[in-house]
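The values are calculated or read from the model by the stated rules, or taken from the named source; none is laboratory data. Note that this is a predicted model, so its numbers are computed, not measured. All Cβ positions, even for glycine, are placed from backbone atoms using ideal geometry, and neighbour counts span all protein chains on display.
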Amino acid sequence: MSTLEITDLHVTVETEDGAKEILRGVTLTIESGQTHAIMGPNGSGKSTLAYSIAGHPKYTVTSGSVTLDGEDVLAMSVDERARAGLFLAMQYPVEVPGVTVSNFLRTAKTAVSGEAPKLRTWVKDVKGAMGDLRMDAAFADRNVNEGFSGGEKKRHEILQMELLEPKMAILDETDSGLDVDALRVVSEGVNRAKDRTGAGVLLITHYTRILRYVQPDFVHVFVDGRIAEQGGPELAERLEAEGYDRFQPSAVEA
Ligand code: ADP
Ligand code: MG
Ligand code: MG
């Protein structure tokens with residue numbers, strides 16, 4: 001059992017006009033096996049939360065804490081976070097020239113688990129996971145993110161999640177830009193990884209549709225850098241029907 005605990009997190013980002021506070025006190029606890037959905041309007045700070053947990057240098061935590069099983073995540077380097085069992089899909093968003101998907105995945109697995117996976121089982125695992133995600137075998141020989149389509153990037157993210165077997169996975173808009181078939185394949189991948197490893201999942205999304213495939217246990221509505229409301233899956237259905245209007249800052253403060 002693992003617990004990711006985010007307590008009263010405040011985060012600023014450096015802009016041209018100085019530091020701007022984006023997260024204004026986020027508190028959230030995720031246990032192994034749970035799926036938490038964070039939903040909210042554009043610009044509410046959802047990605048900032050993900051980047052802050054990931055340790056992106058652009059975001060400064062001014063107060064609050066993030067711990068994984070009691071260990072201070074914010075004191076860890078990005079690599080240490082991965083070794084501790086955190087998976088952050090946006091960690092490698094850039095093209096990695098000259099590094100194939102296959103080598104990238106093996107290097108990442110070695111870094112995370114502390115030893116190189118046995119080649120024979122590894123090749124089988126990669127092939128199996130790629131097949132499950134309906135990925136062409138040739139994909140393994142392509143350079144990371146080089147010319148990937150939106151859907152390929154998302155599949156590559158879930159492929160990493162399936163193979164790296166994290167304790168906690170943070171998926172930021174894994175559903176964006178996917179057609180219904182790709183969404184189903186990607187969602188099945190998330191569910192498979194969850195079932196197999198018992199990981200906790202933080203699923204950040206603007207739309208409810210992925211929640212039809214990846215069932216959340218808890219839904220948090222994110223507005224203006226804070227959680228404005230929490231509930232179960234029924235909250236997502238309400239958001240679909242009513243939109244975010246009643247959660248806008250003016251309505252929340254009133
Ligand atoms: P969301 O993911 O909910 O759409 P973001 O976390 O991306 O929201 O952004 C929240 C707010 O922070 C927005 O107003 C955005 O413009 C601002 N912001 C986020 N990252 C940066 C950055 N690197 N530089 C300047 N402003 C940023
Ligand atoms: Mg956005
Ligand atoms: Mg975002």
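Of note:
- Candidates are the residues of segment 9-53 that are without any contact (Cβ under 8 Å) to a residue 60 or more places away in the chain and in a helix (DSSP H, G or I); the one that is nearest to ligand 3 (Cβ to nearest atom) is Tyr51.
- Scanning segment 196-209 for residues that are away from ligand 3 (no atom under 14 Å from the Cβ) and modelled with pLDDT under 95 returns Arg196, Thr197, Thr208, Arg209.
- Positions within segment 151-187 being within 16 Å of ligand 3 (Cβ to nearest atom) and part of a helix (DSSP H, G or I), in sequence order: Lys153, Lys154, Glu157
- Within this structure, Ala75 fails the test of being surrounded by 14 or more Cβ atoms within 10 Å (Cβ to Cβ) and either touching a Phe, Trp or Tyr at 6+ places or on another chain (Cβ under 7 Å) or closer than 17 Å to Leu4 by Cα (or both).
- Selection from segment 57-83 of residues that are within 16 Å of ligand 1 (Cβ to nearest atom), touching a strand residue (DSSP E or B) at 6+ places or on another chain (Cβ under 9 Å) and assigned to a loop (DSSP other than H, G, I, E, B): Lys58
- Some residue of segment 132-155 being buried (at least 20 other Cβ atoms within 10 Å of the Cβ), modelled with pLDDT under 95 and within 30 Å of Leu28 (Cα to Cα): yes
- Check on Ser176, within 16 Å of ligand 2 (Cβ to nearest atom) and at pLDDT below 95: yes
- Residue in segment 206-220 that is part of a helix (DSSP H, G or I), buried (at least 16 other Cβ atoms within 10 Å of the Cβ) and away from ligand 2 (no atom under 16 Å from the Cβ) present: yes
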